[in-house]
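The values are calculated or read from the model by the stated rules, or taken from the named source; none is laboratory data. Keep in mind the model is a prediction, meaning the values are calculated, not measured. So basically every Cβ, Gly included, is an ideal-geometry build from the backbone, and we count neighbours across all protein chains shown.
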Amino acid sequence: MTMLEPAPTRRLSRLPRPFTILTTGGMTGVMDLASALCSFGYRVPDFSVDVHEGVSCSCIQCTVALTSAECSEFADRVRTLPGVLSIEPSC
């Protein structure tokens, strides 16, 4: 009698997905957002910020390693953070 081994499960592949995030609060708002991304546990291999004194919002360009299913969840989660005006994929 032979035993069949269960088929190996496929590991979901996390791909680098670029996003543009607009936030308020200047440098403090950007740092709060960066801290939140770290606390969520997402891998963020690229993160750049454009902050200018006297301008009401800052632009963050970041790449986050996500599966296809995690993309909308990630965006929904970031939208709930204080100071976030918008988040859009930068495809």
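Of the residues contained in the stretch 54-63, none is found to be exposed (fewer than 12 other Cβ atoms within 10 Å of the Cβ), assigned to a loop (DSSP other than H, G, I, E, B) and either under 9 Å from the mean Cα position of the chain (by Cα) or of a type in the set (Asp, Glu) (or both).
Looking at 76, 46, just one residue is charged (D, E, K, R), surrounded by fewer than 16 Cβ atoms within 10 Å (Cβ to Cβ), in contact with a Pro (Cβ under 8 Å, 6 or more places away or on another chain) and within 28 Å of residue 13 (Cα to Cα), and that residue is 46. Here the stretch 28-43 is the region considered, the condition is being of a type outside the set (Ser, Thr, Tyr) and free of Cβ contacts under 8 Å to residues at least 12 places away in the same chain, and the residue that is surrounded by the fewest Cβ atoms within 10 Å (Cβ to Cβ) is 41.
The conditions of being modelled with pLDDT of 90 or more, in a helix (DSSP H, G or I) and among the β-branched types (Val, Ile, Thr) are met by residue 28.
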